[in-house]
Amino acid sequence: MKIDYKLLTPGPLTTTDSVKQEMLVDHCTWDDDYKSITRDIRTQLLNVAGVDSDKYTSVLMQGSGTFGVEALLSTVLSDDDRLLVATNGAYGLRITEIAERHRLNVVSYDEDFANPISPEIVDSMLAADPSITVFAVVHCETTTGLMNDIEALGAIAKKHNVDFIVDAMSSFGAVEIDMEKCGIDYLVSSANKCIQGVPGFSFAIIRRDLLERCEGRARTLSLDLYDQWKGLEADGKWRYTSPTHVVLAFAQALRELDAEGGVAARQARYSGSQKLLVRRMKEIGFEAYIDEDLHSPVITTFLYPEGQTKPFNFQEMYDFLKAGGYAIYPGKLTEVDTFRIGNIGEIYEEDINKLCDLFAEYLQD
Ligand SMILES: *Cc1c(COP(=O)(O)O)cnc(C)c1O
């Protein structure tokens with residue numbers, strides 16, 4: 001069965017044929033060949049992050065992005081730590097949920113989904129509670145497409161001498177992030193977002209000196225990032241079965257990111273598509289949910305259109321668009337009816353124009 005539609009979803013996303021081709025090999029996991037692929041990926045991730053290997057290290061972990069966030073929280077937070085999570089979407093709330101599951105000492109600042117996380121509120125919460133030692137936030141909240149200001153938030157964290165965790169799942173590779181300038185101590189992302197690989201593992205970029213302290217902290221065996229790191233450092237081997245096909249595809253995706261011109265070039269492509277999308281959707285009658293100055297180049301949330309003669313039916317529209325070659329994403333908000341369109345992956349302005357033509361055609365009928 002040939003499925004021929006492109007994904008306008010925030011990961012998994014549409015990958016290149018050359019990334020998919022890499023998965024036609026069944027690779028063994030123990031030999032030097034494979035270990036060097038893993039080693040190269042770890043080094044290249046530090047290059048993409050623009051950090052020095054003396055100061056930072058990268059760790060790969062089986063599973064989707066959530067497994068990576070869970071691994072990080074369980075591994076780095078000790079029983080003496082107290083975590084503040086600032087949330088303005090489903091992925092921020094998930095960080096709190098993970099922390100609660102692991103019975104970590106956690107408090108949260110829950111902002112309205114349409115607003116950015118306020119550095120002033122974080123500042124006052126950290127000032128009011130000196131027992132807080134770690135602060136976590138999502139960079140691009142994929143729920144709405146909103147970008148939080150991690151530079152301002154990082155400065156607040158540093159001012160209070162608090163470690164800073166950033167879930168950069170949907171921004172890493174799509175937006176230039178200066179980890180040192182933002183004061184990020186721990187960053188998590190995954191294979192199937194803006195590096196444009198396929199799903200199967202996540203990764204964390206961590207300050208070496210902080211990870212060194214984490215032996216024996218994780219409350220889980222398989223998700224122990226410290227043990228995984230030690231294994232990778234010792235002989236380049238993942239502790240348990242690694243997703244070999246995914247790893248090969250990811251190595252290719254990194255080469256293609258480089259060939260495109262790195263993160264700056266990818267950011268320019270994504271931004272061009274996203275701005276075109278918002279402009280054309282507005283002409284057709286779809287308004288974005290959040291203010292334009294808060295938009296990310298990654299994904300946009302749109303409100304259901306008003307003033308239609310018959311009730312708007314998402315499923316019907318979804319089927320129409322899919323038949324036309326594009327799969328979009330339902331909304332994740334409870335109080336308003338929305339849907340989302342991602343423009344990451346092998347998506348170009350030509351695709352955005354085709355998609356918008358389909359929307360216009362659908363609304364006309
Ligand atoms: C995709 C994503 C995750 C992880 O989700 P998975 O379904 O586990 O891959 C976490 N945070 C953000 C912001 C994301 O976009």
* Structure fact -> Note: among 357, 293, just one is without any contact (Cβ under 8 Å) to a residue 12 or more places away in the chain, part of a helix (DSSP H, G or I) and within 20 Å of residue 143 (Cα to Cα), namely 293
* Asked: Among (1) farther than 23 Å from residue 332 by Cα; (2) under 11 Å from the mean Cα position of the chain (by Cα), which single condition is residue 180 missing?
  -> (2)
* Asked: In the set 85, 76, 134, 162, which member is in contact with a Cys (Cβ under 9 Å, 6 or more places away or on another chain), touching a residue at least 40 places away in the same chain (Cβ under 8 Å), farther than 30 Å from residue 277 by Cβ and not polar (S, T, N, Q)?
  -> 76
* Asked: If you go through segment 129-141 one residue at a time, how many are within 12 Å of the ligand (Cβ to nearest atom) and in contact with a strand residue (DSSP E or B) (Cβ under 6 Å, 6 or more places away or on another chain)?
  -> 5
* Structure fact -> The condition from (1) open to solvent by 10 Å² or more (accessible area, probe 1.4 Å); (2) in a helix (DSSP H, G or I); (3) in contact with a Gly (Cβ under 9 Å, 6 or more places away or on another chain) that residue 125 misses is numbered (3)
* **Search result, residues across segment 57-77 that are within 14 Å of the ligand (Cβ to nearest atom), surrounded by fewer than 24 Cβ atoms within 10 Å (Cβ to Cβ), over 12 Å from the mean Cα position of the chain (by Cα) and not small (Gly, Ala, Ser)** => 62, 67
* Asked: Among the residues of segment 85-97, is there at least one that is open to solvent by 10 Å² or more (accessible area, probe 1.4 Å) and more than 16 Å from the ligand (Cβ to nearest atom)?
  -> no
* To do: Tell me the strands (runs of 3 or more DSSP E) entirely within segment 151-223 that contain at least 2 residues that are more than 12 Å from the ligand (Cβ to nearest atom) and either open to solvent by 10 Å² or more (accessible area, probe 1.4 Å) or among the hydrophobic types (A, V, I, L, M, F, W, C) (or both).
  => 163-167, 201-207
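Go through segment 261-274 and give me each residue that's within 20 Å of the chain's Cα centre (by Cα) and not hydrophobic (A, V, I, L, M, F, W, C).
262, 266, 267, 269, 270, 271, 272, 273, 274
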* Restricting to segment 35-56, what's the tally of residues that are of a type in the set (Val, Ile, Thr), open to solvent by 40 Å² or more (accessible area, probe 1.4 Å) and touching an Asp or Glu at 6+ places or on another chain (Cβ under 7 Å)? -> 0
* **Every pair of residues 6+ apart whose Cβ atoms lie under 9 Å, when the first sits in segment 268-286 and is among the β-branched types (Val, Ile, Thr) while the second is assigned to a helix (DSSP H, G or I)** => 278/292; 284/356; 284/359; 284/360; 284/363
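The values are calculated or read from the model by the stated rules, or taken from the named source; none is laboratory data. It should be emphasised that the depicted structure is a prediction, and the values quoted were computed from it without experimental measurement. For neighbour counting, all protein chains shown are included, and Cβ atoms are generated from backbone atoms with ideal geometry for every residue, glycine included. Keep in mind that these areas ignore ligands, DNA and RNA; they rest on the heavy atoms of the full protein, side chains included. Shrake-Rupley method; radii C 1.70, N 1.55, O 1.52, S 1.80 Å.
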